[in-house]
Structures are given as structure tokens and as C-alpha cells.
Amino acid sequence: RKSGRSTLMFESVSSQFQSQLQSLIGTLSQTSPHFVRCINPNERRDASLLDASACLHQLRCGGVLDAVHVTRAGFPSRYPYSDLLARFHFLAPSRDATPGLSDQDKARAVLVSPLVNLSQELFRIGKTKVFLRHHVIERLEGARAQFLAASVECIQHAWKGNVARRVHARLAAGFLARVVSARQLRRAFVREEMARRAEVARLEKEAREKAEAAERARREEEERRRAEADRKDRQDEEERKRKSREEEEERSRLEAAADPDAAGLRRAENFVNSAQREKEKRLLQLHARQASISGASPDQPPPILPSISPTSPAPGSPVSLCSPSSVSSFAPSDEGAPPPPPKTPP
């Protein structure tokens, strides 16, 4: 009620309730409220105890199970086109090939793609949202996970192949470098081995030449010593023969002075023996020459010659080889010339 002079306004209880209700409705229209239904886990209000039968009774009495059944019988999952396409747009890559498609057509292409393969009874296309039945969103998430796994494997294959090719190229370059280095080392080793073998061959040749020279020097020294020994032996033999001749001549002179006939007989025997030896020597030479011409064995014994050496006369017996007159003719003359050779018997 207003008076003429007062500016006070009186408000009733109903008007206050109406203003508060309008304010609440305006707040609710500006927000997205979610209602939470509280369920007591047990009647004793114990935090560590859950009574399943009491909880189920409360859900049934509150109509929650019936609401769930009704929701599942319809289309419980509702997504705006922007959210659905932002999360599952790659499940239908063929939609990008056709320009000018609406959000409804893009969403339908995603839902009927080969990876999802949904029938028409499992979804509905609205004006601003897409309606999905129960478990459809799980199929979409499974198809999304499968597509991402295949894409990740493809990317991993490409990356691992690239890394493997790089490693292989690096290893191949290193292997080629090692092969080249090994070839160079082998060639250097072969050159060193050939040089070493050439040096060993040269040293062996020098050692062999030194050994041959030493052997030749030793043989020459042995031959020289042998020749020197043979020369000394010949000189000693000649000296001995000379002494024996001198002794024989001295004995012959003494015997001639004592008995001229016996001395002449001894000289005759010596002459006959020397003639016999000379004849045997010539016969042996002739036999060897004939054997070489005829091809016979030179070891074949030569023919035996009859012995013509005179036997020494017994004391007091006459000489059977020569007469006293012939023996007297072998006596040495005053000039010392050797007697003429006697006639040999046939």
C-alpha cells in the first residue's frame, strides 16, 4: 500500500515465493544440473559395512532400476555431432573424398563404416545429436582402439624400418671400410711375408754358398793333404827302394867279390822275376782291353801263365836254369853294366 507521502513498499509472502522461484528457474536454465540419489549402505550407519539387500531394496523403491531398463530399451547414449566426429572421424576415411557432406551424413558414414558396421536399429540420426543404443559406444571405442593400434603399428614399422635401414647402411659402410682395411692389411701382410721369405731365401742361399765354399775348401785341403801324404809316401818309398837297391848292390858286390858265380845267378833270378812281373802286367792290360771291346766282364780272371821263375838250387846241386857257362856270362863286368836278359823257355 502506498501513501501519498511515504515511499515504502510492502511485499507479501506469495510474491516473495514467486520471485525466488523465478530466480531458481533462471539459474537452473543457465546450468546443467545433475541429480544424485543417495543410498544408505546399511541401517547402522557403519562406513565399513555394505548391505546388498538393503541397497537393492532402496534402488527398487526409488525407481532407479526401472529408469535404467527404460533408458537401455531406448537410446541412452546421445552425442552431439561435433563430439562424435571429433572422436571417431577417422573410422570413415571415405567421407573426406566427397566434399560438401553435412554432419548427419558424416556421422552416418562413421557408424556404417567397415570397422564399426552398425545396423540402422542401433542408432538414430537427430537434428543436433546422434542417438545410440546400449553397448554401441563400446563398439565404437573398440573400433577406435583397433584403428589406432593398427596406425601405431604402421608408424612403428615405418620408423623401425627407417632406423634399421640407417643402422644397416652404417654397418654396411663400416663393414666395407673393414673389408677394405682387411684387404689392405692382407696385402701388406702378403708383401711383408714375401719380403721375409725372400730375405730367408737369400740368407739360406748365402749360408748354402758359404757351406759349399767351406766344403770345397775342406775337400781341397783334404786333397792337398792327401797329395802331400802321397808325395811323402812316394818319396819315402823311393828312398826305401833306393836304399834297398844300394844295399842290394852292396851285397851283390860283396857276394861277387866273395863268389862271382853265385852273384851272377842271383842277378839272373832278379832279372827273370822282373821280366815275369812286367809280362803279367801287360797281359792284364791286354785282357782288360779285350773285355771292353767284346763286352765281357772285366772281372773274369785272366789266363794263368806258366811260372818260369827259377827255383833256387839246393846247396851242392847244379843250377837247372842255366849252365855254368851261361851263369858266368851274367857276371858283372868291370864297368857295372847289367847283364843281357836270358832266353825264356817256351
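Centroid-to-centroid, using Cα positions, the stretch 181-228 and the stretch 122-137 are 103 Å apart. The distance from the alpha carbon centre of the stretch 264-280 to that of the stretch 19-39 is 177 Å, rounded to a whole number. Once backbone amide H atoms are built at 1.01 Å from N, His134 has no partners under 5 Å, excluding neighbours fewer than 5 places away on the same chain. Converting phi to 3J(HN,Hα) with the Karplus coefficients 6.51, -1.76 and 1.60 and the offset θ = phi - 60°, the stretch 123-128 yields 8, 9, 9, x, 6, 10 Hz in sequence order, with x at every glycine or proline.
Derived scalar couplings between HN and Hα for the stretch 148-157 equal 5, 5, 5, 5, 5, 5, 4, 5, 4, 4 Hz in order, rounded to whole Hz, by the Karplus curve 6.51 cos²θ - 1.76 cosθ + 1.60 (θ = phi - 60°), x for Gly and Pro. Using only the Cα atoms of the stretch 44-200, build the gyration tensor, take square roots of its eigenvalues as a ≥ b ≥ c, and label the shape rounded, prolate or oblate: rounded if a/c is under 1.5, else prolate if a/b is larger than b/c, else oblate. Since a/c reaches 1.5 but b/c is at least a/b, the shape of the stretch 44-200 is classed as oblate. Protein heavy-atom accessible surface, 1.4 Å probe, per residue over the stretch 20-101: 80 Å².
Computed 3J(HN,Hα) for the stretch 216-230, one whole-Hz value per residue from the Karplus formula 6.51 cos²θ - 1.76 cosθ + 1.60 where θ = phi - 60°, is 4, 5, 5, 5, 4, 5, 5, 4, 5, 5, 5, 4, 5, 5, 5, glycine and proline marked x.
Among the trypsin sites (Lys or Arg not before Pro) found in the stretch 74-181, those both in a DSSP coil and sparsely packed, with 13 or fewer other Cβ atoms within 10 Å of their Cβ, are Lys127.
The values are calculated or read from the model by the stated rules, or taken from the named source; none is laboratory data. The shown structure was predicted, so the numbers you read here are calculated from the model rather than taken from an experiment. Cβ: placed from backbone, ideal geometry, glycine included. Neighbour counts: every protein chain shown. Keep in mind that these areas ignore ligands, DNA and RNA; they rest on the heavy atoms of the full protein, side chains included. Shrake-Rupley method; radii C 1.70, N 1.55, O 1.52, S 1.80 Å.
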